[in-house]
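Take a look at the structure set out below.
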Amino acid sequence: MTLRSALFLLLCSFSISLRGNPHDAADPSHPPTSAPASHAEPAADVGKPPAHAPVSTSHAEAAATVLKDPHVPAETPAPSPSHSAPVTLEHADDSHAAPEHAAESPQHPHTITAEEVVSLLRIGETKTAQGDFESAEIAYQQILGARATAEQDRDALLGMARMYRRKNELTKAAAVYEKLIREYPGDAILPVAYLELGRTHRALGAYRLAIARFYSVINSTLKLTEEGADTYRQLARTAQFEVAETYFVSGDYAEAARFFSRLKLLDLAPSDRARAHFKSAYALHMGGDYEKAITTLRSFLESNPDDENTPEALYLLSVSYRRLGQNQESLAAALGLLKLEQGKENQDPKRWAYWQRRTGNQLANEFYEQGDASSALAIYVSLANLSNDPVWRLPVLYQIGLCYERLRSGDKARESFTQVVNEVKAATIPKNRTTELAELAKMASWRLKHLDWQSNADRDLNNFFQDNATPIDTPLKTESSSHQT
């Protein structure tokens, strides 16, 4: 197949998929936002992972295309060491190149027009965003195999590297980034390439290499011209965030806390400074320094009461108190989080609900298992008020019944278990949860029978001891007194 034929087929496929303005396709400069977080992620996996790169409010537009990388998977597991071996770009290209192009490009490269290059780059970006990686790779190979300019080859290499990252072929992505950096040592795109390469190494679990590449971002920005200085400064700050984040991901929480604390001192946008503040507290908590974590978390909550990380900070605060044995403070922090829902309805309610449920479940279960039924009951009652969904509410009601039973409040326990049995029969329950709630109703019925047995046993024992009790005012007869009579 000739270059013209392949290009014609790609352009036809591209025009059919778009059917209109090609700019209506997904913009690769704007990645999808991620969910709770966490870091302790309690999250279930609390919830959403936050973006890594800080964005200054004054320079957000200038840095958008370089800071927001659309080709990073939301969560990439680190492969085994056998998968981390470096791969040369030639090997990466040969393993994926279409056979019909292999004979054309090296020996008989064709001249390609600027319009064709623009179209192919657009096709590569759009197909990458759509997940059609094979078509995207062909488009980039067409540019690299033709007589394109150095700038066009540079853009094709960057697009191919991002495509491999999006495809989760991280070793190949790293090889392409290295080739880009090697062949364009003084180019203005260098800081971006170093930044994305560092993120690639981190996803591969090569944390030292990642940190080295992030420092290369900072060093490369110092060698560039004053043109675009604001963007380069923003890239340098982003690299510092990435260094701290890499220490955190690698488990070196002491270094992570130290770097995040330094970031708070920089001239950052308020949201970025708040994020650095929160992450420093989070790192202290994960490192087991609960006293410093509590101090930092309280400072963060006072300074940023409406920040997106506030619910997770309250969770960490409650858990930190619990780890230090300060149960009342832990209970107060948990109840404070559970009672904040009504005032936070407009601030990402799903995120708040996630951390409320995670905090309540974890701490209430810990209190109950360690014999503090009163504290567990207080949390379970608050949890029951979070939602009327029977799938959520009925298991909580069952736990409330267990707490009352342990506190010897039989009537209230019986009321909770009876409510579970009746609502399972009457509620509209999703089919995939029917079996689960039916079992819950059986357990509640058994608890009711146990309560009845226990009540009857207690009554019989009381009657037995009352019938055989010796009156206190009747003196006992002794042997001597009987002889006297």
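If packing is taken as the average number of other Cβ atoms within 10 Å across a peptide's residues, how do 314-320, 186-192 rank, most packed first? Intermediate values should be presented prior to the final figure.
Numbers: 314-320: 25.9, 186-192: 18.0.
Top of the packing list down: 314-320, 186-192.
Are any of the pairs 127/167; 179/279; 279/350 more than 23 Å apart by Cα-Cα distance, and if so, which?
On the way: 127/167 11 Å; 179/279 34 Å; 279/350 21 Å.
Going by Cα-Cα distance, 179/279 fall outside the 23 Å limit.
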The residues 253, 247, sorted from fewest to most surrounding Cβ atoms within 10 Å, come out as 253, 247
Would you please put 205-216, 276-287 in order of how densely packed they are, using the mean number of other Cβ atoms within 10 angstrom per residue and starting with the highest? 276-287, 205-216
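Mind running the shape call on region 387-454? Use the C-alpha gyration tensor, a ≥ b ≥ c as the square roots of the eigenvalues: rounded below 1.5 for a/c, prolate if a/b tops b/c, oblate otherwise. Show your work: numbers first, answer last.
Values: a/c = 2.54, a/b = 1.82, b/c = 1.40.
The shape class here is prolate.
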Using θ = phi - 60° and the Karplus curve 6.51 cos²θ - 1.76 cosθ + 1.60, what whole-Hz ³J(HN,Hα) does each residue of region 418-427 get, with Gly and Pro shown as x? 5, 5, 4, 4, 5, 6, 5, 6, 9, 6
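Rounded, prolate or oblate: pick one for region 288-374, where a ≥ b ≥ c are the square roots of the eigenvalues of its C-alpha gyration tensor, a/c under 1.5 means rounded, and failing that, prolate if a/b is larger than b/c, else oblate. Before the final figure, lay out each step's value.
Details: a/c = 2.32, a/b = 1.26, b/c = 1.85.
The shape class here is oblate.
Using the Cα centre of region 140-213 as the reference point, and only Cβ charges (+1 on K/R, -1 on D/E), how large is the resulting charge dipole? Debye, rounded to the nearest 20. The partial results should precede the final answer.
Details: 13 positive and 8 negative charges, 74 e Å.
Rounded to the nearest 20 debye, it is 360 debye.
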As I understand it, the dipole of region 288-374 uses +1 on the Cβ of Lys and Arg and -1 on the Cβ of Asp and Glu, about the Cα centre. Which of 319, 332, 367 lies farthest toward its positive end? 367
Return the long-range amide H neighbours of residue 132 (sequence gap of 5 or more, or a different chain), with a cut-off of under 5 Å between placed amide H atoms. none
Distance in Å, no decimals, from the C-alpha centre of region 277-329 to the one of region 198-259 is 26 Å
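Among 137, 329, what is the fewest-to-most ranking by other Cβ atoms within 10 Å? Could the numbers behind the result be given before it?
Numbers: 137 23, 329 16.
By the 10 Å Cβ count, ascending: 329, 137.
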Please work out whether region 124-244 counts as rounded, prolate or oblate from its C-alpha gyration tensor, where a ≥ b ≥ c are the square roots of the eigenvalues and a/c under 1.5 means rounded, while otherwise a/b larger than b/c means prolate and anything else oblate? oblate
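Just rank 379, 112, fewest to most, by other beta-carbon atoms within 10 angstrom.
Working: 379 27, 112 19.
Exposure proxy ranking, most exposed first: 112, 379.
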Show me, for region 113-130, the HN-Hα J-couplings you get by feeding each phi into the Karplus relation (A = 6.51, B = -1.76, C = 1.60, θ = phi - 60°), rounded to Hz, glycine and proline as x. 7, 4, 5, 5, 5, 4, 5, 5, 4, 5, 4, x, 5, 5, 5, 5, 4, 7
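How would you rank 163-172, 141-150, highest first, on the average number of other Cβ atoms within 10 Å across their residues?
Numbers: 163-172: 21.5, 141-150: 18.4.
Descending mean neighbour count gives 163-172, 141-150.
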Dipole magnitude of region 387-454, debye to nearest 20 (Cβ charges: Lys/Arg +1, Asp/Glu -1, about Cα centre): 80 debye
So what J values fall out for region 253-268 if you push phi through Karplus, 6.51 cos²θ - 1.76 cosθ + 1.60 with θ = phi - 60°, rounded to Hz, Gly and Pro as x? 6, 5, 5, 4, 4, 5, 5, 5, 5, 5, 4, 4, 7, 7, 7, 10
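A short reminder: the numbers here are calculations on the coordinates, not readings from a lab. None of these values were measured; they are calculated from a predicted model. Cβ coordinates were reconstructed from backbone atoms using ideal geometry, including for glycine residues, and neighbour counts include every protein chain displayed.
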